[in-house]
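Take a look at the structure below.
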Amino acid sequence: MAELKEQKYMLEIAKVQGIGKAAENLFISQPALSKFLARTEEMYGIQLFERVGKKMIPTYAGEQYLKYAKQMIEIDRKFNEQIKDIKQMKSGVLAIGSTLGRGKDIFPSLLPLFYKKYPGFELRVYQENAVRLEELLRNGEIQLAMLTIEDGEQNKWDFHAEELDSEEICLIAPKNWNLKGVMKYGFRHPWIDVRQLEGELFLMLNKGSRLRSVADKMMKSYNMSPKSMEFSSIDTIWKLVSQNFGVAFASDFNAPPVDDVEIFSVGSKPITWKFVILTRIGGYISAPVQYMIDITKNIYGNVTFQNRVSS
């Protein structure tokens, strides 16, 4: 901000009630300060000080001037302190985003760790579908997004994708249906032919989610058009399947420790996606942003399916 020399000079005159002492304290000559006061009063077109005996006393206009001058000095002080804190990364704003289903697992672990290191920061947290997160990131409304992408998808964007883990998209079904899968090389779970379930009710996430996109592609590849029902929460879908209500596609990351659901691999080859942190290519990565990336990698990078289920 500005040096506010005018305000500081006028406040010093009022403080010591004289030109001579004020000039001495300000390390300027008395004639120079007298000329400065005269120019200031001429600029405003009103007398700001009057001489009462040997003292310089503010007029009513001068009192109003000094009131606002003090406020300006205080604002300037606070601004400079804030800039200093920002330079030292003591304060600022970090906007991050995650998909709805992922956020419930990510944020309870990440946010306390971040605030421990950066207690003065304001965190703005967004939980949206993948399409909306990409839009927020592209527009600069968030600095990083945590979501899943399909293999090869990162080559299409103006984002930098840092891979944390690879997950398999599976089919989940009620355990008491007694579906029998076979072990196949490269698949994490017993494999079944999804076409045998075409007559069943498929529980789907709403359009716009990454998982829904994968499920739609799977249905199209097998020329399937089963009866379906849409939901906004993958947790709701897991609970419904555990209650013997329909089947669904789900990432094995989201597998809760339930005994009433079986997990099966599907497809001619494993259907996988990557859990990544997205940042804008060419975007500034501050120390707090990098710290958020680092702690996310430490917590979620290379986590095995078995550890996810048992955690």
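What to note about this one:
- Nitroxide proxy distance, nm - points 7 Å out along Cα→Cβ at Gln127 and Ser166: 3.0
- FRET efficiency for Ser286 and Lys207, using Cβ-Cβ distance with R0 set to 45 Å, rounded to 0.05: 0.80
- Taking the 1.4 Å solvent-accessible surface of the chain as the whole, the part contributed by carbon and sulfur is 51%.
- Taking a ≥ b ≥ c as the square roots of the eigenvalues of the Cα gyration tensor, the stretch 88-132 is classed as oblate, since a/c reaches at least 1.5 and a/b does not exceed b/c.
- Placing R0 at 35 angstrom, the Cβ-Cβ distance between Glu230 and Lys90 gives a FRET efficiency of 0.15 after rounding to 0.05.
- Residues whose amide H comes within less than 5 Å of that of Leu144, counting only those at least five positions distant or on another chain, are Gly97 (H built at 1.01 Å from N in the peptide plane).
- Top of Met204, Met146, Met224 by mean-square fluctuation, Gaussian network on the chain, Cα under 10 Å: Met224
- The string of couplings for the stretch 213-229 from the Karplus curve (6.51, -1.76, 1.60, θ = phi - 60°) is 4, 5, 4, 5, 5, 4, 4, 5, 5, 9, 6, 9, 9, x, 5, 9, 9 Hz, one whole number per residue in order, with x for Gly and Pro.
- Amide H contacts under 5 Å for Thr59: Phe49, Glu50, restricted to partners 5 or more places along the chain or on a different chain, H placed in the peptide plane at 1.01 Å from N.
- For the stretch 159-171, Karplus couplings with θ = phi - 60° (6.51, -1.76, 1.60), whole Hz, Gly/Pro x: 10, 9, 10, 9, 6, 9, 6, 10, 10, 9, 8, 10, 9
- Expected 222 nm ellipticity per residue - DSSP helices of 4 or more, -39500 (n - 2.57), all of the chain, to 500: -13500 deg cm²/dmol
- Between Ile299 and Lys5, the modelled labels are 5.2 nm apart [label points 7 Å from Cα along Cα→Cβ].
- Distant-in-sequence amide contacts of Cys170, defined by a placed amide H-H separation under 5 Å and a gap of 5 or more residues or a different chain, comprise Ala250, Ser251, Asp252.
- Residue-span extension gain [Glu81 to Asn176] - 0.36 nm each, minus C-alpha spacing: 27.8 nm
- Among the listed pairs Lys180/Lys269; Lys21/Lys67; Lys104/Lys180; Lys5/Lys84; Lys70/Lys90; Lys117/Lys297, those with a Cα-Cα distance over 24 Å are Lys104/Lys180; Lys70/Lys90.
- For the stretch 4-9, putting each phi into the Karplus relation 6.51 cos²θ - 1.76 cosθ + 1.60 with θ = phi - 60° gives couplings of 6, 4, 4, 5, 5, 5 Hz, in residue order, rounded to whole numbers and with x for Gly and Pro.
The values are calculated or read from the model by the stated rules, or taken from the named source; none is laboratory data. This structure is a prediction, so every number in the text was calculated from the model and none was measured. Neighbour counts run over all protein chains shown; Cβ positions are idealised from the backbone, glycine included. Ligands, DNA and RNA are stripped out before the accessible areas are found, and what is left, the full protein with its side chains, is counted by its heavy atoms. Shrake-Rupley method; radii C 1.70, N 1.55, O 1.52, S 1.80 Å.
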